[in-house]
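**Q** Below is a structure I'd like to ask you about.
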Amino acid sequence: FETALEAVLAERLQYVVCPEETDAFEALAYLSESGGGRCSLVAGIPSPSAGDAVPDGAVPLLSRVTIAEGRSAVVEQILAGSYLVDNIAAACALSRRHPRSTFVTLKGDVAFGGGILSGGAAEAAGPGLVHKKREMRELTG
């Protein structure tokens, strides 16, 4: 499920998780004052989203993910509304019926926003961050 997870998270894999909002505010102020560039931050625990019913033919991606201790509240909100499906046609059809949700295949093809698709050859991009982190954990025991 690593390819699907990486496809759904995309740039969100680069988010810096701050325990409190004030930490995020201070980090952004520092970046602004120092000319240090831009960064996306998760400021504390994100607000819960509405608990919509799982669309027929989809599996919550969250049910396939192991979350590190102490990170479940953040990860659950980031992955809320993300579903695993069999193929891109199913993903697109479900996206049209559920435009606020994201649908992803095991190959990493994604449909969201009522019919916006993202996909292609994963081999060209190489293994993603989730895959590399798992490999590092396996190698270090």
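**Q** Of the beta bridges DSSP finds with both residues in the chain, what % are antiparallel, to the nearest 5?
**A** 55 percent
**Q** Within the chain, what is the longest stretch that has no GluC sites (Glu not before Pro) placed in a DSSP loop and near at most 12 other beta-carbon atoms within 10 Å?
**A** Segment 70-141 is the longest.
**Q** Also, I was wondering about something else. Using all Cα-Cα distances in the chain, what percent lands in each 5 angstrom bin from 0 up to the longest?
**A** Percent of Cα pairs in each bin: 2, 9, 16, 19, 18, 16, 12, 6, 2, 0.
**Q** For n ≥ 4 DSSP H runs only, could you compute -39500 (n - 2.57) per run for the chain, divide by its residues and tell me the 222 nm figure to the nearest 500?
**A** Computed ellipticity for the chain at 222 nm equals -11500 deg cm²/dmol.
**Q** Between residue 22 and residue 69, what's the calculated FRET efficiency when r is the beta-carbon distance and R0 is 22 Å? Round to 0.05.
**A** So the FRET efficiency works out to roughly 0.40.
Each value in this text was obtained by applying a stated rule to the coordinates, not by laboratory testing. All figures in this text were calculated on a predicted structure; none of them were measured in a lab. Note that we place each Cβ from the backbone using ideal geometry, even for glycine, and neighbour counts take in every protein chain shown.
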